[in-house]
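Inspection log for the structure reproduced underneath, given as structure tokens.
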Amino acid sequence: MKALVTGATGFIGSFLVEALSKRGYDVTCLVRKTSNLKWLRHLRLEYLQGDLDDTDSYADKLGEFQYIFHLAGLTKADSARDFYHANSECTQKLVTAAAMNPSLKRFLHVSSLAAAGPSIDGIPLIEDAPSGPVSVYGKSKQEGEKAVLASKEKLPVTIVRPPAVYGPRDTDFFLVFRAVQNRLFPYWGRSSYSLIYVEDLVQGIILAAEKEVAAARVYYLADSRVYTNDDILTAISSTLNRKAFRLRLPRSFLPALAVLLQKIQKKGIINPDKIHEISYPHWTCDPARAMKEIGFHTETTLGEGFKKTADWYRKEKWL
């Protein structure tokens, strides 16, 4: 089977490409001239040079693929316009081009829990619950989902929504590891999160693409257990053998902090848009549908996943 992967050079995308290659897929990665291929160079892959904004330049080649895995998008941006362009408009263009391929078995779109928004009452979200994204990023991902689902009558589409993803190569969770390494843990009140280790997520993505029942469906892919920020602190502290002090930050102070940090690092993880998400304490989802319909399950406990992640950070001298 031939598969095209967008976002292949990124954190999740690079793990997906590895897993697909091991599974026997012939993988082609859509890349720009400037793409960094460092996580892919050890694999035998094909490359299709192009930009999601210019599907006309490679639309005639999409007929070669039985599977398209769409992971490319922006998680950090300077403006709302950038978010909507990358996560909504470019997704629409790719779906439109892919719809011309009669041999396509699945268009698998990786969205985000942010597209659905937080759980207001603390009960993990299910797929049929009304969506309520609270950040520009989340709203742009929601628009991308709408573009994909609008084609479900003529294209075999599936959407997966991961929550927070961690593992080797990740730069966002790394900041939490580094803070604990420095004996500090930012704390803005008790919160709860769904999480998933990157390799478990990748296996769920492949299942969602291969199972016929998944066509036209939306799935949450997450660890079935919900974790508090105290659980996360305890697990990272144990992994790093560090006791960290809770740096208590009132949620009312976070917007000002985000503005300051954005001046230092324009596209950092803490920015005014992200604060809209952090101000809500419950980011949780229920993977029961994926478990029942496609046989999804996670194999990596939080402790095991954090150990693998920390070992990689040390090996790469990030910690």
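The values are calculated or read from the model by the stated rules, or taken from the named source; none is laboratory data. Remember, it's a predicted structure, so these values are computed and weren't measured experimentally. Cβ atoms come from the backbone with ideal geometry, glycine included; neighbour counts cover every protein chain shown.
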Across region 64-90, the tally of residues that are farther than 17 Å from Ala115 by Cβ and part of a loop (DSSP other than H, G, I, E, B) stands at 4
Run Lys211 past the list (1) closer than 22 Å to Val17 by Cα; (2) among the basic types (Lys, Arg); (3) at pLDDT below 95 and report the number of the one that doesn't hold. (3)
Does region 75-89 contain at least one residue that is among the charged types (D, E, K, R) and either crowded, with 21+ Cβ neighbours inside 10 Å or closer than 19 Å to Glu210 by Cβ (or both)? no
Selection from region 22-63 of residues that are in a loop (DSSP other than H, G, I, E, B), surrounded by fewer than 17 Cβ atoms within 10 Å (Cβ to Cβ) and touching a Lys or Arg at 6+ places or on another chain (Cβ under 8 Å): Asp51
When residues of region 276-319 are filtered for being hydrophobic (A, V, I, L, M, F, W, C) and surrounded by 18 or more Cβ atoms within 10 Å (Cβ to Cβ), how many remain? 9
Across region 188-224, what is the total count of residues that are surrounded by fewer than 17 Cβ atoms within 10 Å (Cβ to Cβ) and of a type in the set (Phe, Trp, Tyr)? 0
Give me the pairs, please: first residue somewhere in region 55-81 and over 20 Å from Val157 (Cα atoms), second residue anywhere and hydroxyl-bearing (Ser, Thr, Tyr), beta-carbon distance under 9 Å, and either six or more positions apart or on two chains. Leu74/Tyr137; Leu74/Ser140; Thr75/Ser112; Thr75/Tyr137; Lys76/Tyr137; Ala77/Tyr137; Ala77/Ser140; Ala80/Ser140
Residue satisfying condition, being of a type in the set (A, V, I, L, M, F, W, C) and at pLDDT 95 or above, within set Leu240, Leu254: Leu240
Hey, can you tell me all the residues within region 114-173 that are surrounded by 22 or more Cβ atoms within 10 Å (Cβ to Cβ), over 28 Å from Asp78 (Cα atoms) and among the aliphatic types (A, V, I, L, M)? Leu125, Val157
Against the condition touching a residue at least 12 places away in the same chain (Cβ under 8 Å), surrounded by fewer than 21 Cβ atoms within 10 Å (Cβ to Cβ) and touching a helix residue (DSSP H, G or I) at 6+ places or on another chain (Cβ under 9 Å), how does Tyr227 come out, does it pass? yes
Can you list the strands (runs of 3 or more DSSP E) found entirely within region 134-210 that contain at least 2 residues being within 15 Å of the chain's Cα centre (by Cα)? 157-161, 164-166, 195-197
Pairs, please: C-beta under 8 Å, at least 6 apart or cross-chain, first residue within 20 Å of Asp53 (Cα to Cα) and in region 17-41, second part of a strand (DSSP E or B) and of a type in the set (Lys, Arg)? Thr28/Lys2
